[in-house]
1. Please give the number of the condition Gly18 fails out of (1) in a loop (DSSP other than H, G, I, E, B); (2) in contact with a helix residue (DSSP H, G or I) (Cβ under 6 Å, 6 or more places away or on another chain).
2. Go through region 1-57 and give me each residue that's buried (at least 16 other Cβ atoms within 10 Å of the Cβ), among the aliphatic types (A, V, I, L, M) and more than 25 Å from Asn67 (Cβ to Cβ).
3. Return only the number of the condition from (1) in contact (Cβ under 8 Å) with a residue 12 or more places away in the chain; (2) surrounded by fewer than 16 Cβ atoms within 10 Å (Cβ to Cβ) that Lys69 does not satisfy.
4. Can you report the number of residues in region 29-70 which are of a type in the set (Ser, Thr, Tyr), touching a helix residue (DSSP H, G or I) at 6+ places or on another chain (Cβ under 6 Å) and assigned to a helix (DSSP H, G or I)?
Amino acid sequence: MRQTDVSDNELIEQYLSGSESGLQTLIVRHQKKVYTSIFLLVKDKELAEDIFQETFIKVINTLRSGNYKEEGNFCLG
């Protein structure tokens, strides 16, 4: 099964089970939409890149801490 056929929640489970590729696929899947949303708000490329990176660091920390709640979509919209 290709990673594109796997749901976000399955990718999260893969990551929590030790598969870094699950997280990598999740980030690649959503990076354009998340980055674009941030850029449209801040209108500064470097700031948008910094916020994007911080966003996914927070996602990783939330997943690792066990605080992720499966309440709808992983993505922003």
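Read-outs: derived from the displayed coordinates by stated rules, not from any lab. Nothing here was measured: the structure is a model prediction, and the numbers come from that model. With ideal geometry, Cβ positions are generated from the backbone for all residues, glycine too; neighbour counts draw on all protein chains shown.
1. (2)
2. Scanning region 1-57 gives a single hit, Ala48.
3. The failed condition is (1).
4. Result for region 29-70: 1.
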